[in-house]
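Chemist: Can you keep this structure in mind? I'll have questions shortly.
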Amino acid sequence: MGEDGYFDYAATVPPYPEALKRFEELSLRAFGNPSSSHDDGRQAREALDGARKGFLARVGFADGSLVLTSGATEANNLALRSALEASSDGRLLLASDAHPSAWFTRETWPKRTDLIKTGTDGLISPDWLATLLSKKTAMVSIVHANNETGVVQDLKALGAVCEKAGVPLHVDGVQALGRLPLTLSELPFAYYTFSAHKFGGSRGVGGIIARREGLSAQIRGGGQEKGLRGGTENVAGLAAALVALDLSARSLEAEVPRLRKLAALLTGEIQAAIPDVLVNSRPEGVPGLVSFSFPNLIGEEIVVEMNLRGFAISAGSACGSGRMEPSRPVMAMGRTRAQALGTVRISMGRFTTEDAVRRLAAALRQVVEKQKALA
Ligand code: PLP
């Protein structure tokens with residue numbers, strides 16, 4: 001397919017070679033176990049401490065703490081399970097556009113998880129959130145930037161509501177960190193989760209940036225990460241994530257306007273060619289992420305056809321138990337099932353060119369017209 005046809009940066013970002021080089025170099029040089037008390041262990045411990053400190057400084061939150069995990073799925077589990085397991089009756093307020101790694105609480109604790117509706121624009125109203133909070137609320141969990149629609153919440157306003165009520169706020173920051181200019185010390189959260197492969201680091205590396213205590217270990221073992229996450233630390237993975245974050249953060253000034261322009265170009269071309277298309281993404285959302293719903297079509301079928309034409313995109317719907325399930329974040333915006341099933345997500349990044357966007361738009365138009373004729 002090649003870098004040119006890759007339009008799935010929200011699923012994973014091609015790693016920066018510089019980050020992989022750092023991974024290899026550090027794995028070979030500081031190979032010791034950070035828990036060992038000999039010189040090799042100490043060297044690995046120093047590398048880990050340095051990467052942790054550097055990462056926190058890079059996200060603009062040198063005073064925070066960072067619990068290293070195997071990615072954001074584990075990090076979200078750690079934050080939410082800690083809150084729900086702390087008492088027998090504390091309740092979770094969960095955003096209705098939550099990623100499956102937070103949504104599982106609806107199945108595990110159905111009687112203790114309440115939903116925060118998003119509006120038809122995908123946004124959570126701070127006033128609405130205030131009405132949902134109660135003495136029983138153990139945690140509020142929201143998605144900073146939605147992985148399917150790219151909608152970015154007003155974290156400052158939502159955090160202020162939680163702060164006033166003294167309720168910890170968990171933010172799934174996976175699609176925001178490295179894609180939006182952020183200074184985390186300015187944002188009012190208790191826990192902010194991230195994943196390195198979403199900004200050009202390696203997979204299996206993520207964590208929680210914490211402003212307060214209150215987490216309890218979900219993976220127990222040798223007491224690593226101050227007892228909050230057992231398992232030998234992925235020292236090189238965190239060091240590589242820091243390199244990737246640094247490179248993506250430095251590119252933002254040029255990349256944000258460039259990707260926004262490309263997203264506007266694609267949106268305009270598709271709206272002109274296919275008048276009944278619904279656009280779920282917003283111009284001020286995640287740069288370069290566009291979400292379309294084509295009513296009465298099946299997103300997954302469009303993805304397959306686009307793949308044959310050399311383009312990697314993704315569908316919001318998923319096949320669960322043999323039946324197509326519509327995109328939840330798109331349904332949460334008030335779309336019907338027939339509209340939401342026809343959702344595709346196109347997400348761009350550092351290798352995306354204007355020429356490729358024009359070719360993708362032409363291919364998408366052909367595919368949609370063909371599927372409409374068959375429907
Ligand atoms: N949260 C959001 C919003 C995501 O987009 C993803 C990845 O798709 C995750 C969590 C899970 O991240 P990971 O792949 O590190 O488990």
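The values are calculated or read from the model by the stated rules, or taken from the named source; none is laboratory data. In this text, all values refer to a predicted model and were calculated from it rather than measured experimentally. Methodologically, a virtual Cβ is constructed for each residue, glycine included, from the backbone with ideal geometry; neighbour enumeration extends over all protein chains shown. Protein only, heavy atoms only, side chains kept; ligands, DNA and RNA dropped before computing areas. Shrake-Rupley method; radii C 1.70, N 1.55, O 1.52, S 1.80 Å.
Chemist: Out of the residues in the stretch 175-189 meeting the condition of being open to solvent by less than 40 Å² (accessible area, probe 1.4 Å), outside any strand (DSSP E or B) and in contact (Cβ under 8 Å) with a residue 40 or more places away in the chain, tell me which one is farthest from the ligand (Cβ to nearest atom).
Modeler: The selected residue is LEU184.
Chemist: If you don't mind, there's one more thing I want to ask. Have a look at GLU305, GLU300, GLU284, GLU269 and point out the one that is closer than 24 Å to GLY119 by Cα, of a type in the set (Asp, Glu) and not assigned by TED's automatic domain parsing to the domain that holds LYS198.
Modeler: Among GLU305, GLU300, GLU284, GLU269, only GLU284 is closer than 24 Å to GLY119 by Cα, of a type in the set (Asp, Glu) and not assigned by TED's automatic domain parsing to the domain that holds LYS198.
Chemist: Moving on to the next point. Here are some residues: LEU169, LEU155, LEU184. Which one is in contact with a helix residue (DSSP H, G or I) (Cβ under 7 Å, 6 or more places away or on another chain), aliphatic (A, V, I, L, M) and either on the phi > 0 side of the Ramachandran plot or at pLDDT 95 or above (or both)?
Modeler: From the options LEU169, LEU155, LEU184, the qualifying one is LEU169.
Chemist: Inside the stretch 124-163, can you point out the residues that are part of a loop (DSSP other than H, G, I, E, B), aliphatic (A, V, I, L, M) and either within 16 Å of the ligand (Cβ to nearest atom) or open to solvent by less than 10 Å² (accessible area, probe 1.4 Å) (or both)?
Modeler: Across the stretch 124-163, the qualifying residues are ILE124, VAL151.
Chemist: Select, from GLY231, GLY200, the only residue that is over 30 Å from THR131 (Cα atoms), open to solvent by less than 10 Å² (accessible area, probe 1.4 Å), modelled with pLDDT of 95 or more and within 16 Å of the ligand (Cβ to nearest atom).
Modeler: GLY200
Chemist: Identify the residue in the stretch 98-123 that is part of a loop (DSSP other than H, G, I, E, B) and free of Cβ contacts under 8 Å to residues at least 12 places away in the same chain and, among all such residues, is farthest from the ligand (Cβ to nearest atom).
Modeler: Taking the candidates together, the pick is LYS111.
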